[in-house]
Amino acid sequence: AIASLLVGSAAAFAPGASFGVHKSALNMAETATETEKAFAKLPASVKPGVVTGSALTDLLDAAKDQGYAIPGVNIVGTNSINACMEAAAKYGGPIMVTFSKGGGQFIAGKSLENGADEASIAGTIAGAKHVHEVAALYGVPVVLHTDHCQKAWLPWIDGLLAASEEHFAKTGSPLFSSHMLDLSEEPLEENIGICKDYLEKFAKVGILIEFELGVTGGEEDGVDNTDVDSSRLYTQPEEVFYAYEQLSQVEGGAFTCAASFGNVHGVYAPGNVDLQPVILYNSQKYIQEKIGSEDDKPMRFVFHGGSGSSVEDIQYAIGAGVVKMNIDTDTQWAFWDGVRAYEAKYHDYLQGQIGNPESDDKPNKKYYDPRMSLRAGEESMAARLIKAAEDLKCVNVLN
C-alpha cells in the first residue's frame with residue numbers, strides 16, 4: 001500500500017534509449033519488426049504477451065501520457081493468473097501479474113521445505129513460465145512483476161535473477177519484467193545503495209527495479225506494518241530525489257519508486273486511512289526543478305494499497321503520473337465471493353457424491369468437480385478487475 005512513484009533516469013527513459021547494454025540476434029530481429037504495430041494506441045515495441053526491457057518503459061510512458069494506470073494484481077496460482085489476463089482481454093488494456101514470496105511458495109506447494117527460499121523461488125519461476133506460455137493467447141501486454149522483498153528475503157530475488165539471466169542467454173529477454181525491493185526498514189543510504197547494486201545486475205538483462213521509500217501501513221503476505229509510526233507513511237520529496245540521483249548513475253538502468261503518501265494494505269472503514277496524494281504532485285515539481293526537465297511529470301508513480309481506495313483519490317493520483325496501482329485484498333475477496341456464491345447456488349448438489357433434489361440416485365460429479373467452483377472464482381475476480389480498470393481509466397487503451 002504505497003503510493004509509489006515510478007522513477008526513471010533521464011537516460012533510461014529517453015525515447016531512443018536502450019534498456020541494458022547487451023544485444024542478441026533476437027533483439028535485432030525484434031528491432032527490424034518494431035515498426036509493425038500490434039496495438040493502435042501503443043508504441044510498436046509493445047506486443048501481446050510478456051513485456052520487458054524498453055517495451056516495458058514504452059508501455060509505462062504511454063500510460064502516463066494518456067492518463068491511465070495499469071492494475072497490478074497479486075496472484076497465488078494459475079487460476080488467479082488466468083483471471084488477470086481474462087479481465088485484461090475483456091477491458092482492452094495491459095495487466096501486471098504480481099508474485100509475492102508467499103505466493104510463489106504456494107504455487108510450488110505448501111508442504112515443501114522453504115528454509116532457503118527454494119520453494120518460493122521454484123514456484124515463482126513456475127508461475128512465470130506459465131504466463132510466458134499463454135499470455136500472448138490473451139492478446140494483451142502482460143508485465144511479470146514481483147512484490148515486496150525485504151532485506152532478509154533477497155535470496156529469493158537472487159534465485160529469480162539467475163533464472164532471468166539464463167532466460168536472457170537463450171532468448172535475449174529476461175524471465176521477469178521487474179522486481180520490487182522493499183528496503184524501507186533500512187536507513188535511506190543503505191536502502192538505495194543495495195537497490196543500486198541490484199539495478200547494476202538488472203540493467204544487464206533488461207529488468208526494471210521498483211523500490212520503496214517510507215512505509216506502507218497495514219499487513220500483507222508476511223509484511224506487517226500495522227503499528228508503524230504514522231510519520232513514516234509519508235515520503236519527503238528530498239528523499240525521492242536522492243534515490244533518483246543515485247540510481248540514475250546506473251547505465252541502462254530503469255527504476256520505479258514507491259513513495260508512501262499514507263497508503264495502507266487492506267481495506268479499512270472510511271476515515272481510518274489518511275491518503276495525501278498531493279505528495280506525488282509535490283515530488284514531481286521538486287524533481288522537475290532539480291533536473292531542469294520540461295516535463296511537469298518527470299516521474300512515473302505507482303500506487304500501492306489500492307484496495308478500498310476511493311475513485312477520487314485514485315484518479316487524482318493518476319493525474320500526478322501514477323501508471324500502476326496494486327490490488328490484492330479486493331481481488332482476494334472477489335475470488336472467494338465467486339466460490340461462495342457457487343456453493344450457495346448448488347448447495348443441495350454438494351452434500352454427497354450421489355443424491356440431489358432431482359433424484360436420490362443421481363450423481364453430483366459435475367457440481368463438485370473442482371474446476372466448477374474455481375471457475376466461478378475466476379469469473380468473479382475478473383469482473384472485479386474490470387471494475388478496477390474502469391476506475392484506473394485503463395479500458396480500451398490498446399486499440
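The values are calculated or read from the model by the stated rules, or taken from the named source; none is laboratory data. Source: prediction; values computed, not measured. Glycine gets a Cβ as well: all are built from the backbone with ideal geometry, and neighbour counts include every protein chain shown. Surface accessibility is based on the protein's heavy atoms, side chains included, excluding ligands, DNA and RNA. Shrake-Rupley method; radii C 1.70, N 1.55, O 1.52, S 1.80 Å.
Restricting attention to the range 103-116, does a residue exist that is open to solvent by less than 70 Å² (accessible area, probe 1.4 Å) and touching a Cys at 6+ places or on another chain (Cβ under 9 Å)?
Scanning the range 103-116, I find no residue that is open to solvent by less than 70 Å² (accessible area, probe 1.4 Å) and touching a Cys at 6+ places or on another chain (Cβ under 9 Å), so the answer is no.
Could you tell me whether the range 119-131 includes any residue that is open to solvent by less than 40 Å² (accessible area, probe 1.4 Å) and within 15 Å of L398 (Cα to Cα)? Let's see the steps before the verdict.
So in the range 119-131, the residues open to solvent by less than 40 Å² (accessible area, probe 1.4 Å) come out as 119-121, 123-125, 127-128, 131.
Now restrict to residues that are within 15 Å of L398 (Cα to Cα): none.
No, the range 119-131 contains no residue that is open to solvent by less than 40 Å² (accessible area, probe 1.4 Å) and within 15 Å of L398 (Cα to Cα).
So which residues in the range 228-266 are at pLDDT below 75, over 21 Å from the mean Cα position of the chain (by Cα), part of a helix (DSSP H, G or I) and not small (G, A, S)?
R232, the sole residue that qualifies.
Are any of the residues in the range 89-99 closer than 23 Å to S373 by Cβ and open to solvent by 20 Å² or more (accessible area, probe 1.4 Å)?
Start the filter on the range 89-99 by keeping residues that are closer than 23 Å to S373 by Cβ, which leaves 89-90, 97.
With open to solvent by 20 Å² or more (accessible area, probe 1.4 Å) added as a condition, the list becomes 89-90.
Within the range 89-99, one or more residues are closer than 23 Å to S373 by Cβ and open to solvent by 20 Å² or more (accessible area, probe 1.4 Å).
Results for (1) modelled with pLDDT under 95; (2) crowded, with 18+ Cβ neighbours inside 10 Å; (3) under 17 Å from the mean Cα position of the chain (by Cα), shown as yes or no for each residue.
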| position | (1), (2), (3) |
| --- | --- |
| K285 | yes, no, no |
| R300 | yes, yes, yes |
| F303 | yes, yes, yes |
| G306 | yes, yes, yes |
| V322 | yes, yes, yes |
| D328 | yes, yes, yes |
| D337 | no, no, no |
| D360 | no, no, no |
| P363 | no, no, no |
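Looking only at helices (runs of 4 or more DSSP H) that lie completely in the range 294-399, which have at least 2 residues being charged (D, E, K, R), over 30 Å from F241 (Cβ atoms) and in contact (Cβ under 8 Å) with a residue 24 or more places away in the chain?
On the way: elements: 311-319, 329-345, 365-368, 370-391.
It comes to 329-345, 370-391.
Here is a check on your reading of the model: is G206 modelled with pLDDT of 95 or more and part of a helix (DSSP H, G or I)?
So G206 fails the test.
If a residue has to be farther than 11 Å from L398 by Cα and either among the basic types (K, R) or touching a Lys or Arg at 6+ places or on another chain (Cβ under 6 Å) (or both) to count, how many in the range 37-66 make the cut?
3
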